[in-house]
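Notes follow once the structure below has been shown.
The values are calculated or read from the model by the stated rules, or taken from the named source; none is laboratory data. Owing to the predicted nature of the structure, the values given are computational and were not obtained by experimental measurement. We place every Cβ from the backbone using ideal geometry, glycine too, and count neighbours over all the protein chains shown.
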């Protein structure tokens, strides 16, 4: 599949990423946000007791990592939403 085909597939789509604080998932999220500006929304499923804890966990996991500028990550732009999973 060509790169243009992948970009078209993600355009205006909503994507669910499970295990969003894991190594591979963080790389995937960063890549989607960097290369797929047309993504409608990302839902990031993480283990947390509630929504506030889920947001804090994703933010703390990404703020200290290279490649995750807060504005790029999408919280400032309303692209990504952390979702609390079963703890």
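Mind checking whether some residue in the stretch 13-21 is on the phi < 0 side of the Ramachandran plot, at pLDDT below 85 and out of contact with any strand residue (DSSP E or B) (no Cβ under 7 Å at 6 or more places or on another chain)?
no
A quick yes/no check of all residues on (1) more than 19 Å from residue 85 (Cα to Cα); (2) part of a loop (DSSP other than H, G, I, E, B); (3) out of contact with any helix residue (DSSP H, G or I) (no Cβ under 8 Å at 6 or more places or on another chain):
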site: 5; (1), (2), (3): yes, no, yes
site: 8; (1), (2), (3): yes, no, yes
site: 16; (1), (2), (3): no, no, yes
site: 20; (1), (2), (3): no, yes, no
site: 26; (1), (2), (3): no, no, no
site: 34; (1), (2), (3): yes, no, no
site: 44; (1), (2), (3): no, no, no
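Yes/no matrix, rows are residues, columns are (1) at pLDDT 85 or above; (2) surrounded by fewer than 15 Cβ atoms within 10 Å (Cβ to Cβ); (3) over 23 Å from residue 12 (Cα atoms):
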residue	(1), (2), (3)
50	yes, yes, yes
68	no, no, no
81	no, no, no
84	no, no, yes
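Which of the numbered conditions does residue 61 fail, given that it passes all the others? Conditions: (1) crowded, with 17+ Cβ neighbours inside 10 Å; (2) modelled with pLDDT under 65.
Residue 61 satisfies every listed condition except (2).
I'm trying to understand the selection: among the residues of the stretch 30-46, which are at pLDDT below 85 and within 12 Å of residue 61 (Cβ to Cβ)?
30
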